[in-house]
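Participant: I am attaching a structure below and will ask some questions about it afterwards.
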Amino acid sequence: MKPLFKTTLLLTTLCPTLATAEPIASPTPEQCRTVLSEFAMFEAFIAACPRIARAEIDTRTRLNNVYEGFARYGECGKQIESEPIASMLSEHPAIRLLGQDGKRRPSRAETDAFCRRHRSDLTRIVLKYNPGHNR
């Protein structure tokens, strides 16, 4: 969970293109839960399935555009430590896949199954958080 928070902070401070994104004013807790869940899935896909992620992102949009879409929900980063969101993220399949739940690392078969099972989620996330609509 802390690596996800650190990545969120890194995105909002280091990438100059993200500063131009128009932020979503006071997102609801449900929106934040969705955004953080989708961000965890996106990051897990990039880490666990680099070839699939590269193919989806390169054919659909540039990576920075997707991160810009996530950065619009920067206020959600403040809620990451809240109990409902923290418990949701600890049970998230992407967090478990990355081994950030304190358990063993997944096997290659588990990683491959995750990549196959959630490829459509990656496509949906890329399309949803692409504010430039560069396809």
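Throughout, read-outs are computed from the coordinates displayed, never taken from laboratory work. As the structure is a computational prediction, the values presented were derived from the model and not from experiment. Methodologically, a virtual Cβ is constructed for each residue, glycine included, from the backbone with ideal geometry; neighbour enumeration extends over all protein chains shown.
Participant: Enumerate the calculated ³J(HN,Hα) couplings along segment 64-70 in order (Karplus 6.51 cos²θ - 1.76 cosθ + 1.60, θ = phi - 60°), each rounded to whole Hz, writing x wherever the residue is Gly or Pro.
Facilitator: Couplings: 4, 5, 5, 5, 5, x, 5 Hz.
Participant: What list do you get for Lys128, Lys78 if you sort them by fewest beta carbons within 10 Å? Write down the numbers at each step before the final one.
Facilitator: On the way: Lys128 14, Lys78 11.
Least to most surrounded, the residues fall as Lys78, Lys128.
Participant: Apply the Karplus parameterisation 6.51 cos²θ - 1.76 cosθ + 1.60, with θ equal to phi minus 60°, to every residue of segment 87-95 and state each ³J(HN,Hα) to the nearest whole Hz, in sequence, with x for glycine and proline.
Facilitator: Result, rounded to whole Hz: 5, 4, 5, 5, 9, 5, x, 5, 5.
Participant: Let me ask something else. Go ahead and run the numbers for FRET between Leu127 and Ser107, Cβ-Cβ distance against an R0 of 25 Å, rounding to 0.05.
Facilitator: Working: r = 30 Å, r/R0 = 1.22.
Approximately 0.25, to the nearest 0.05.
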